[in-house]
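Before any comments, here is the structure.
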Amino acid sequence: MSNTDRAVEYRQILTKAVCGKGRKFSQMSHSIQPPDNIDTILGAWVINHNYDCHKVGEAIEVRGSYDINIWYSTKGNTKTDVMQETVYYTEQVPLTFYDRNTREASVSVTAAVTQAPNCIEASIASHKDGVTVRVEKEFLVELTGETKVCVPVYPLEYAESDEKDVYEGISGDVEDDFHDLDPNLVIDELED
């Protein structure tokens, strides 16, 4: 059989690719005890956000901290002061897309803050409970690693021809071949 008569061959290529993605928006409430009895909250903001991430099962765990600053008045609104408290958090970001054929030894994880931690509400709960601060934030995470992709390999004489010419040399109807494919078929599992 000549090269032009043979059917398309398929090869598996090992490549680094995005093998998982996820996004999570969250709101958290923190209870902060000011040093004095406060009359009014004049402002609240979040600064110094730091975080890191790693894979835990089929999710990405983001651990971090930020400082909450509260500007408040005391003594019948005659004095003001600012208090700061460092808050630590752990967020589990589920992967909405995850390729289980990824080689676990090659996995790396990244997280990007799509919405930085921001104070959306600060209120005086009671003098014994202190100040309640609501903070919102959002993360986008990606998992990259080695995985296999399957690609068609055509004979060398098709290298300079356009796609239409390549399909003319293949026996059978290409459209019918795609309709017969089983979308649930997995060729084989990756080995670590």
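The values are calculated or read from the model by the stated rules, or taken from the named source; none is laboratory data. Quantities reported herein were computed from a predicted structural model and do not represent experimental measurements. No Cβ is skipped: glycine too gets one built from the backbone with ideal geometry, and neighbour counts run over all protein chains shown. Surface accessibility is based on the protein's heavy atoms, side chains included, excluding ligands, DNA and RNA. Shrake-Rupley method; radii C 1.70, N 1.55, O 1.52, S 1.80 Å.
Computed quantities for the displayed model
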quantity	calculated
For segment 88-148, accessible area per residue (1.4 Å probe, heavy atoms of protein chains only), Å²	50
Cβ-based charge dipole, segment 4-78, positive-most Cα from P35, G20, V56	G20
FRET efficiency, S106 to E9 (Cβ-Cβ, R0 30 Å, nearest 0.05)	0.70
Sulfur and carbon atoms: percent of accessible area, segment 80-135 [1.4 Å]	47
Accessible area in the full protein assembly, largest first, 1.4 Å probe, for D67, D36	D36, D67
Segment 7-118: proportion of alpha-carbon pairs further apart than 23 angstrom, %	51
Charge dipole magnitude, Cβ of K and R +1, D and E -1 - segment 26-149, Cα centre, debye nearest 20	40
Gained length - Y98 relative to Q27, 0.36 nm times residue gap less alpha-carbon distance	23.1 nm
Accessible area in the full protein assembly, largest first, 1.4 Å probe, for K24, K137	K24, K137
Among 74-81, 39-46, the order from most to least packed when residues are scored by Cβ within 10 Å on average	39-46, 74-81
Accessible surface, segment 17-73, averaged per residue in Å² (probe 1.4 Å)	49
